[in-house]
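Q: Here you go, one structure.
Laboratory data are not the source of any read-out in this text; all were calculated from the coordinates shown. Note that the structure is predicted; figures quoted are calculated from it, not measured. Note: ideal-geometry Cβ built from the backbone for every residue, glycine included; neighbour counts use all protein chains shown.
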Amino acid sequence: EDKVVQSPLSLVVHEGDTVTLNCSYEVTNFRSLLWYKQEKKAPTFLFMLTSSGIEKKSGRLSSILDKKELSSILNITATQTGDSAIYLCAVGSGAGSYQLTFGKGTKLSVIP
Amino acid sequence: SQTIHQWPATLVQPVGSPLSLECTVEGTSNPNLYWYRQAAGRGLQLLFYSVGIGQISSEVPQNLSASRPQDRQFILSSKKLLLSDSGFYLCAWTGRVYGYTFGSGTRLTVV
């Protein structure tokens, strides 16, 4: 059974701090790893990673995949209160239909 | 551009009542379609996926069912809701790019 584990489950930081969120996985037929941000409604897409060692960046957020260690990290620098959300890691797999297995998420709270 | 519509946004239903949630995709053809559920304190769980009209794969045995009567329409149903069916239901689609686009979700409360 495919499995995605995220840590920590929750995190409280002060504005301006840097945070690192972790995601590890065990899946067959790995195709990609994705990060999503979920505030009150549907998750919004952040990154998709398919190649090991290549960092993807978007503003203060960045992510990297380590296929050898079966893991990924999501970094957020200079956090702001608007970064407060649940961050979901998902791994895409499947030889035919593409399916995502989600972790339980990391709830990030940024306090002023 | 492709868009995905899901409705209703919120729903309160009594135990034992039927359920029908609808999802439609525009701007693409032959998408893979998915229903996920997110229960309180848990991650997103894949319920059903479909690679074409009339083709449904179920991931989790339960009292829910799905149908795909048209290429860009995906319906989640139940004949009799249970309290445990409460949660946040998300429809999603994938095209050629390996990423998901989610609908806005339906928050279902079974009372």
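Q: Quick check on the exposure proxy: order B:Phe74, B:Phe48, A:Phe45 from fewest to most C-beta atoms within 10 angstrom.
A: Ascending Cβ contact count within 10 Å gives the list A:Phe45, B:Phe48, B:Phe74.
Q: Just flag the trypsin sites (Lys or Arg not before Pro) in region A:2-96 sitting in loop per DSSP whose Cβ has no more than 11 other Cβ atoms within 10 Å.
A: Sites meeting the loop and neighbour criteria: A:Lys40, A:Lys68.
Q: Nearest 0.05, what FRET efficiency do B:Thr10 and A:Glu1 give at R0 = 45 Å with Cβ-Cβ as r?
A: Efficiency computed from Cβ-Cβ geometry: 0.90.
Q: How many nm is it between the label spots at A:Ser58 and B:Glu59, if each spot is 7 Å from the Cα in line with the beta carbon?
A: According to this spin-label approximation, the distance is 2.1 nm.
Q: Please compute the modelled spin-label separation between A:Phe45 and B:Gln2, points set 7 Å along Cα→Cβ, answer in nm with one decimal.
A: The answer from the label model is 0.7 nm.
Q: How much of the DSSP bridge set in chain A is antiparallel, in percent, rounded to the nearest 5?
A: Restricted to chain A, the bridges split so that about 90 percent are antiparallel.
Q: I would also like to ask the following. Exposed loop trypsin sites (Lys or Arg not before Pro) only (DSSP loop, at most 15 other Cβ atoms within 10 Å): please give the longest stretch of chain B free of them, not including the sites.
A: B:1-41
Q: With only Lys, Arg, Asp and Glu charged, each at its Cβ (+1 for the first two, -1 for the last two), find how big the charge dipole of chain A is about the Cα centre; round to the nearest 20 debye. Spell out each step's value before the answer.
A: On the way: 12 positive and 10 negative charges, 49 e Å.
For this selection, approximately 240 debye.
Q: Let me ask something else about it. Viscosity 0.890 mPa s, temperature 25 °C: what is the translational diffusion coefficient of region A:13-70 from Stokes-Einstein with a Kirkwood Rh over Cα pairs, rounded to a whole number of µm²/s?
A: 188 µm²/s
Q: Based only on other Cβ atoms within 10 Å, what is the fewest-to-most ordering of B:Asp85, A:Asp66? List each step's numbers first, then the result.
A: On the way: B:Asp85 20, A:Asp66 14.
Neighbour counts put them in this order, fewest first: A:Asp66, B:Asp85.
Q: Quick one: give the max-minus-min coordinate of the C-alpha atoms of chain A along each principal axis, largest first, in Å.
A: Sorted largest first, the three principal extents are 45, 28, 20 Å.
Q: Something else about it: Name the GluC sites (Glu not before Pro) in region A:1-87 that are in a loop by DSSP and that have at most 14 other C-beta atoms within 10 Å, would you?
A: A:Glu1, A:Glu15, A:Glu39, A:Glu55, A:Glu69
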